[in-house]
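Shown next, in structure tokens, is the structure this report addresses.
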């Protein structure tokens with residue numbers, strides 16, 4: 001499905017003062033089509049971004065039904081194929097898909113690390129830091145989330161972001177019945193989408209990193225200039 005220019009602009013009428021059409025052409029790569037990545041892909045397409053690529057090698061499973069953007073009827077289907085169909089149906093935008101695991105490919109533009117393991121996050125950073133311009137790294141658990149935003153052209157931010165990684169063995173292992181909720185996924189996906197908008201429009205109020213204790217209703221965020229929001 002493809003929307004002509006006039007129709008596409010008409011669908012975006014109510015946001016044009018905030019996200020002008022000329023800000024929507026940036027290249028976006030989403031690594032992971034799960035709880036965060038699936039909602040981010042939908043949100044960005046709804047916002048009018050069209051150059052969106054998504055990478056994932058998994059299939060939709062019954063355990064994904066509580067917090068990912070997939071209907072029960074798509075269980076067993078590759079996530080990226082299901083996501084491409086759904087995003088097209090909801091927005092008229094056809095995202096590009098890669099039905100395989102990310103394995104160190106150099107990517108350009110803005111890269112969103114929507115993953116559930118630290119090893120691949122670090123691999124994205126190491127392999128894309130010279131080719132991409134930005135990395136947005138959301139992380140979530142049952143009722144908590146964090147966000148790291150790295151301008152790869154800023155050596156100080158690159159150094160700071162490089163210190164946020166740890167081994168998967170060091171990560172807290174949640175019980176299988178206490179891993180994810182739809183509201184945590186939606187909240188952090190929305191913050192990712194807002195951050196993409198800030199980058200695309202060159203907003204000075206962009207978040208650098210955030211800690212969101214959703215269970216306690218507390219959001220702490222730091223801006224690009226080091227200022228703190230709460």
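Here are the numbers for the structure shown:
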| item | result |
| --- | --- |
| Subset tally (residues that are in a loop (DSSP other than H, G, I, E, B), at negative phi and in contact with a strand residue (DSSP E or B) (Cβ under 7 Å, 6 or more places away or on another chain)) for region 43-91 | 3 |
| Cβ pairs under 9 Å, 6+ apart, first in region 149-176 and under 27 Å from residue 196 (Cα atoms), second loosely packed, with under 10 Cβ neighbours inside 10 Å and modelled with pLDDT of 75 or more | 152/130 |
| Answer residue from region 92-136, given it is in a helix (DSSP H, G or I), crowded, with 16+ Cβ neighbours inside 10 Å and touching a helix residue (DSSP H, G or I) at 6+ places or on another chain (Cβ under 8 Å) and is modelled with the highest pLDDT among those | 125 |
| Residues of region 4-36 that turn out to be in a loop (DSSP other than H, G, I, E, B) and either out of contact with any strand residue (DSSP E or B) (no Cβ under 7 Å at 6 or more places or on another chain) or farther than 12 Å from residue 193 by Cα (or both), as a count | 15 |
| Residue 146 being at negative phi, modelled with pLDDT of 95 or more, surrounded by fewer than 22 Cβ atoms within 10 Å (Cβ to Cβ) and part of a strand (DSSP E or B) | yes |
| Residue check, residue 39 modelled with pLDDT of 95 or more and either out of contact with any strand residue (DSSP E or B) (no Cβ under 7 Å at 6 or more places or on another chain) or exposed (fewer than 15 other Cβ atoms within 10 Å of the Cβ) (or both) | yes |
| Residue within region 27-48 that is out of contact with any helix residue (DSSP H, G or I) (no Cβ under 7 Å at 6 or more places or on another chain) and free of Cβ contacts under 8 Å to residues at least 24 places away in the same chain present | no |
| Checklist (1) in contact with a helix residue (DSSP H, G or I) (Cβ under 6 Å, 6 or more places away or on another chain); (2) modelled with pLDDT of 95 or more; (3) part of a loop (DSSP other than H, G, I, E, B) applied to residue 1, failing item | (2) |
| Answer residue from region 207-230, given it is in a loop (DSSP other than H, G, I, E, B) and modelled with pLDDT under 90 and is nearest to the chain's Cα centre (by Cα) among those | 224 |
| Positions within region 184-204 being within 19 Å of the chain's Cα centre (by Cα) and not in a helix (DSSP H, G or I), in sequence order | 201, 202, 203 |
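The values are calculated or read from the model by the stated rules, or taken from the named source; none is laboratory data. Being a predicted model, the structure only gives us computed values, none of them experimental. Methodologically, a virtual Cβ is constructed for each residue, glycine included, from the backbone with ideal geometry; neighbour enumeration extends over all protein chains shown.
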